[in-house]
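Report on one structure; see the data block that follows.
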Amino acid sequence: MTAPRIEAHRLRCRACGADYDAQALAICENCIGPLEPVYSDRRTRPDRATIARRPPSLWRYREWLPLNGEPVYSTETGFTPLIESPSLARTLGAGRLWIKNDSVSHPSLSFKDRVVAVALNAAAALDLDTVGCASTGNLANAVAAQAARAGLPAWVFIPEDLELAKVIGTAVYGARVVRVRGTYDDVNRLCAQVADRNNWGIVNVNLRSYYGEGSKTVAFEIAEQLGWRLPTAVVAPMAGGSLLTKLHKGFREFLADEIVAGGIPRMYGAQAAGCAPIVRLVEKGEGRIEPVVPDTIARSLAIGSPADGGYAARVIRETGGWAAAVSDADIVTGITLLAEHTGVFTETAGGVTVAGARALAMTGRLTAADEVVLCITGNGLKTAEVVQDQIESLPVIAPSLREVSDLLDWAAAPAA
Ligand SMILES: Cc1ncc(COP(=O)(O)O)c(C=O)c1O
Ligand SMILES: [Zn+2]
C-alpha cells in the first residue's frame, strides 16, 4: 500500500472571506487581500503528551500546519534550542530571559528553514516541480539547500549587493542564482511576474499563504520548551513583518486549543533605523506603511515596503507591545552582547533583536516582572564582516613560550 498523498489546505481571503481551492495563489482575485489556509474546526488535535512523543522537528505540530498527509521533504527541520541566560537578563533588566536559537536551524542556519520546509511540501502537494524565491539572503540559502536535497530545480533571485557568505551559501547547492541590480522590493516585484508566467512555486510569492504558516512553529516550540506555558513578552526582528504576525497566530492557536493557558505575550518588533517602516507605523499609531529605501548593515531585514507591515503593527499595538529602531552601531553591540553573554554568534538580524530589546528595556517597556524570549533568527558567520574589526587588535606572536609569557604579563597588568 502506498502512503496517502500529501494535500494542501484550501485558502480563504482574510479581507473579504472568498474561498479558493488549494493552489499556488497568495492574493485574493476579488479584493487583493491576503489568502490564508483554512483549518477545519473538526480536525483532531494531539494533546501535549502526544506532541512530546513525536520526533523533534517542526512536524510534531503538523495539525497546525496547512497540509494533510506525510511530509515528503525537509522532515528534520525545526526544534531548535531555547536557552535561558540569567546574565543577559540581568544586563537588560528583564526578570528572566531566553533566546530562541534559530542560528543553528537545520539545514541552512536561519528560521527561514521553517517556512521553506512547509512551502516545499506545499509545492509537492500542488505538483509544482520547480521552486524559487525573492530573498534578502537567508531565504535564498534555505530554498537552495532544501531544494537540492529534494532534487528540485531552484531559481533564486537576490539583490546584487548581498553579503558574500549569503551568495556563496546559495550558489554552492547548485541553485540558479540571479543577482538583480536593485533593492529587495525590485526583486520581489520581478518574482511576482515570474511566478505568473511559469508554473513555479515561488515560496514567498505564490506559495506565501502556505509558507508563512511555518513561522508559527517558533511559537509552538517556545511554548513547549518553556514547559507548556507562554512568556510575558517576545522580541522579534522584522523585515516583511510575517514572522511577528505568525508568532502571534501560533500563540493564539495554542491558547484556543488549550495546549497552553494564560494570556498572549506582548509582541515587540525590532528593525534597523535605516529601514524601519513598521516601527514608524507603530509610533504613528494609525494609517499605512510609508515605504522607505533601505540603508543599513542589516541586509536580511532590508525590506522597504513590507508585505505584512500593517498587520504586524496592529498585532504589536493590540498585544500591548511596542517597536524599536536601532542604529547600525547598536546592531554590532547587540551581536557582541549576545556572543559574550550566551555563547551564540548571531547575524545582523539577531543584533537588531538584542539591541531592540535593550532599547525597550531602557525605556521601561521590558521590566523585572517580565519573562522575555528573544528570537535569534540567523547565524553570525553569514555576516561576519560587520564584526571584523574585532580581529584587528589581536596579538600576533612568534611560536615561542617567551612571547606567550610576555603576553600573559601584559594581560595580567592593570589597564592603563
Ligand atoms: C535572519 C532573519 N530574521 C528575520 C527576518 C524577518 O522576517 P519577516 O520578513 O518574516 O519579517 C528575516 C527575513 O529575511 C531574516 O532573514
Ligand atoms: Zn478578498
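The values are calculated or read from the model by the stated rules, or taken from the named source; none is laboratory data. Because the structure is predicted, anything quoted here is derived from the model rather than measured. Cβ atoms come from the backbone with ideal geometry, glycine included; neighbour counts cover every protein chain shown.
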Any hit, region 65-83, residues being more than 16 Å from ligand 1 (Cβ to nearest atom) and part of a helix (DSSP H, G or I): no
Residue check, Glu76 over 29 Å from Arg365 (Cα atoms) and at pLDDT below 95: no
Whichever residue in region 230-280 is among the polar types (S, T, N, Q) and touching a strand residue (DSSP E or B) at 6+ places or on another chain (Cβ under 9 Å) and, among such residues, is nearest to ligand 2 (Cβ to nearest atom): Thr245
Residue list for region 209-250, restricted to those being more than 10 Å from ligand 1 (Cβ to nearest atom), buried (at least 24 other Cβ atoms within 10 Å of the Cβ) and among the basic types (Lys, Arg): Lys216
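Anything in region 113-162 that is of a type in the set (Asp, Glu), surrounded by fewer than 20 Cβ atoms within 10 Å (Cβ to Cβ) and within 29 Å of Glu385 (Cα to Cα)? List them, or say none. Break it down into steps so the answer makes sense when it comes.
Filtering region 113-162 down to residues of a type in the set (Asp, Glu) leaves 113, 127, 129, 160-161.
From what's left, surrounded by fewer than 20 Cβ atoms within 10 Å (Cβ to Cβ): 127, 129, 160-161.
Within region 113-162, Glu160, Asp161 qualify.
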Test: residue in region 39-59 that is surrounded by 17 or more Cβ atoms within 10 Å (Cβ to Cβ), within 16 Å of ligand 1 (Cβ to nearest atom) and either in a loop (DSSP other than H, G, I, E, B) or at positive phi (or both): no
Test: residue in region 268-289 that is in contact (Cβ under 8 Å) with a residue 40 or more places away in the chain, of a type in the set (Asp, Glu), more than 15 Å from Gly378 (Cα to Cα) and crowded, with 22+ Cβ neighbours inside 10 Å: no
Residue within region 376-389 that is more than 20 Å from Ser105 (Cβ to Cβ), under 22 Å from the mean Cα position of the chain (by Cα) and of a type in the set (Gly, Ala, Ser) present: no
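Would region 98-111 turn up any residue that is more than 20 Å from Gly174 (Cβ to Cβ), assigned to a helix (DSSP H, G or I) and of a type in the set (Lys, Arg)?
At the first step, the residues of region 98-111 found to be more than 20 Å from Gly174 (Cβ to Cβ) are 98-105, 111.
After this cut, where a residue has to be assigned to a helix (DSSP H, G or I) as well, the list is 102-104.
Filter once more, so that each one left must be of a type in the set (Lys, Arg): none.
So far as region 98-111 goes, no, none of its residues is more than 20 Å from Gly174 (Cβ to Cβ), assigned to a helix (DSSP H, G or I) and of a type in the set (Lys, Arg).
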Test: Leu381 is free of Cβ contacts under 8 Å to residues at least 24 places away in the same chain, aliphatic (A, V, I, L, M) and over 19 Å from Ser242 (Cβ atoms): no
Single condition Ser400 does not satisfy, out of (1) over 24 Å from Val234 (Cα atoms); (2) crowded, with 24+ Cβ neighbours inside 10 Å: (2)
Residues satisfying the stated conditions in region 1-38, i.e. acidic (Asp, Glu), surrounded by 14 or more Cβ atoms within 10 Å (Cβ to Cβ) and within 16 Å of ligand 2 (Cβ to nearest atom): Glu36
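Looking at Ala349, Ala324 in this structure, which one is among the aliphatic types (A, V, I, L, M) and in contact (Cβ under 8 Å) with a residue 60 or more places away in the chain?
Of Ala349, Ala324, the one residue that is among the aliphatic types (A, V, I, L, M) and in contact (Cβ under 8 Å) with a residue 60 or more places away in the chain is Ala349.
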Residue pairs meeting the criteria (Cβ under 6 Å; at least 6 apart or on separate chains; first of a type in the set (Phe, Trp, Tyr), in region 201-220; second within 10 Å of ligand 1 (Cβ to nearest atom)): Tyr211/Val115; Tyr211/Asn204
